[in-house]
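The values are calculated or read from the model by the stated rules, or taken from the named source; none is laboratory data. These numbers come from a predicted model, not from an experiment. Cβ atoms come from the backbone with ideal geometry, glycine included; neighbour counts cover every protein chain shown.
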Amino acid sequence: MNSSERDAGRRIARAVLLLSGGLAVGCARQEPAPPATVAADAEAPAKAEVDEPHQSFHIEPTRPIAEIRAEALAAEPPRETGEFERPDLVDLATLDPRIRLEIRYATADNFLGVPVYTTSRAFLQRPAAEALARAQARLAERGFGLLIYDGYRPWHVTKLFRVATPEKYHAFVADPAGGSRHNRGCAVDLTLYDLKSSAPLDMPTGYDDFSARAYSDSPDATPTQAANRAILRQALEAEGFLHLPEEWWHYDYRDWRRYPIQNVAFEKLGAQD
């Protein structure tokens, strides 16, 4: 749920987490499926290493989500100046059958504990989508597939996240006043899965983890987790994506500045093929 627009407050918050050993928010829940594990230079899953099960963080919203959603839908995105490319959002489900979707915000399995999307879809601007498809082709040669958690995010959802999150956790959510790279269709949250077993690979944390272990270079990971994280990073950076230091799962496409903030609902982006 976090965007790349992180200010100094977030970095301070993360520094505090590093010193304190992490932050548990609300009621922890088990991830839905056990992860697979793959060594960095392996062609097939390696032997799993013992580790604590990943958990999803869950906060108590400041107010009823339905109430906040209505306010967010009625609000206006920030006005931007300058010239931008015309948006051309591509449905990621149409790119490659090996790219799977697990859109957490269309389910209750997210940090708010309720669905915030009305449909389980993911989009990116065309150049970013094409780069993602190339990364998938490279990864498939090693037996891996991409599992997408989120892509383009309408601005009103960013507004909802910010208002619903208690102020003490604002370092972990984007400020709608500046929008996010998800709003521009140039950010993707994702992980890897094994093409043979369909099981997600073992990573240092689950998605949307509010702890220091979520850092893209956190040393608090098993050798297998660190290797899997590195495989994902190498594949995406080779195609022009930039990793977010605070979240191993978040990548921004290099040309994100060329696209405007958008607030178009998924249903208005065309029928799914």
Subset of the stretch 211-232 [outside any helix (DSSP H, G or I), in contact (Cβ under 8 Å) with a residue 60 or more places away in the chain and crowded, with 18+ Cβ neighbours inside 10 Å] | Ser211, Tyr215
Single residue of Phe144, Phe111, Phe84 found to be aromatic (Phe, Trp, Tyr), within 19 Å of Asp252 (Cα to Cα) and in contact (Cβ under 8 Å) with a residue 24 or more places away in the chain | Phe84
What strands (runs of 3 or more DSSP E) completely inside the stretch 110-195 contain at least 1 residues that are under 22 Å from Tyr259 (Cβ atoms) and in contact with a His (Cβ under 6 Å, 6 or more places away or on another chain)?
-> 187-194
State yes or no: is Leu101 buried (at least 21 other Cβ atoms within 10 Å of the Cβ), under 26 Å from Arg86 (Cα atoms) and at pLDDT 95 or above?
-> no
When the stretch 211-258 is checked residue by residue, the ones that are aliphatic (A, V, I, L, M), in contact with a strand residue (DSSP E or B) (Cβ under 7 Å, 6 or more places away or on another chain) and farther than 17 Å from Tyr193 by Cβ are Ala214, Leu242, Leu244
Evaluate the following for Thr205: is it among the polar types (S, T, N, Q) and under 20 Å from Tyr152 (Cα atoms)?
-> no
Any chance Arg162 is crowded, with 24+ Cβ neighbours inside 10 Å and closer than 24 Å to Thr81 by Cα = no
What are the residue pairs meeting all of these: first residue in the stretch 192-210, first residue closer than 13 Å to Gln225 by Cα, second residue of a type in the set (Asp, Glu) and assigned to a loop (DSSP other than H, G, I, E, B), Cβ atoms under 6 Å, and 6 or more apart or on different chains?
-> Gly206/Glu31
